[in-house]
1. Could you list, in sequence order, all residues of the range 1-37 that are modelled with pLDDT under 90 and either surrounded by 13 or more Cβ atoms within 10 Å (Cβ to Cβ) or part of a helix (DSSP H, G or I) (or both)?
2. State which residue pairs qualify: first residue closer than 13 Å to H20 by Cβ and inside the range 58-80, second residue outside any helix (DSSP H, G or I) and open to solvent by less than 70 Å² (accessible area, probe 1.4 Å) in any location, beta carbons under 8 Å apart, and separation of 6 or more residues or different chains.
3. Give the number of residues within the range 95-108 that are over 15 Å from P84 (Cα atoms) and open to solvent by less than 30 Å² (accessible area, probe 1.4 Å).
4. Look at the range 72-97 and say how many of its residues are touching an Asp or Glu at 6+ places or on another chain (Cβ under 8 Å) and at pLDDT below 95.
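The values are calculated or read from the model by the stated rules, or taken from the named source; none is laboratory data. Computed from a prediction, not measured in an experiment: that's the story for all the values here. FYI the Cβ positions are ideal-geometry reconstructions off the backbone, even for glycines, and counts take in every protein chain you see. Protein only, heavy atoms only, side chains kept; ligands, DNA and RNA dropped before computing areas. Shrake-Rupley method; radii C 1.70, N 1.55, O 1.52, S 1.80 Å.
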Amino acid sequence: MSKARVESVRCAGRVLVTLHWLKALARPEHRVPEADSFRRIDRADVAVAGLLRAAVPLLVEALGRQDRAEAAARLFRALPDLVPVGTVYGKCLAPEERAGFVAGYAEQHAVWVEEFGQDAVKTAGPA
């Protein structure tokens, strides 16, 4: 597997966790899944697509919540830098790619926890 493909899959994990954080800021009842819940993911494109389509409505919803507006705007602005350079769309992930996806998800989750704090969003245990 090429280095570019590995990085692309890792970035897809980063995008997904960022979208889950955005959703949790917009809807406090939403729990951000733990990285381990994606160990068996087959299609990164399917996992990302629904939340990506909802990103603007979620941002608008979160901006209406004064206590979460600044964090939501920061997350939304970060998305273009996280989007994979290569494509992971329309392809099933090999086992080693799944590990990269999970690693990217976990790494970016740690970045957001450090930036916004552990209590900024609720998290869910593994599925």
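1. Residues satisfying the conditions are K3, A4, R5, V6, E7, S8, V9, R10, C11, A12.
2. A62/R68
3. The qualifying residues number 0.
4. 9
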